[in-house]
1. Counting each DSSP H run of 4 or more residues in the chain as -39500 (n - 2.57), what helix-only mean residue ellipticity at 222 nm follows after dividing by all residues, to the nearest 500 deg cm²/dmol?
2. Got a sec? Charge dipole of the chain, +1 on Cβ for Lys and Arg, -1 for Asp and Glu; which of 17, 52, 38 is way out at the positive end?
3. To the nearest 20 Debye, how big is the dipole of the chain about its Cα centre, given +1 on the beta carbon of each Lys and Arg and -1 on that of each Asp and Glu?
Amino acid sequence: MLATSGEPLRIQLLGPVRVWRDGQEVPLGPPKQRAVLALLASRAGEVVGVDNIVDALWDGD
């Protein structure tokens, strides 16, 4: 369940991907995990299939 009090979630996509919740920076983990978050956040409100994620982030790996 999502909390409704406090500051909204803030996501920075330009420069290093960073996230803050309630004014505190959230640790995001390794670069590939950050890339998945950035891809999904940049397509907020859209359905993003697994195939799209794999093609965007692992194509050629």
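1. Numbers: 2 runs with 21 residues, N = 61.
That calculation yields -10500 deg cm²/dmol at 222 nm.
2. Projecting each Cα onto the dipole axis, the largest value belongs to 17.
3. 240
Rule-based calculations on the coordinates, nothing more; no lab input. On a predicted model such as this, the values are computed, not experimentally measured, just so you know. Counting neighbours? That spans all protein chains shown, and the Cβs are built from the backbone with ideal geometry, glycine included.
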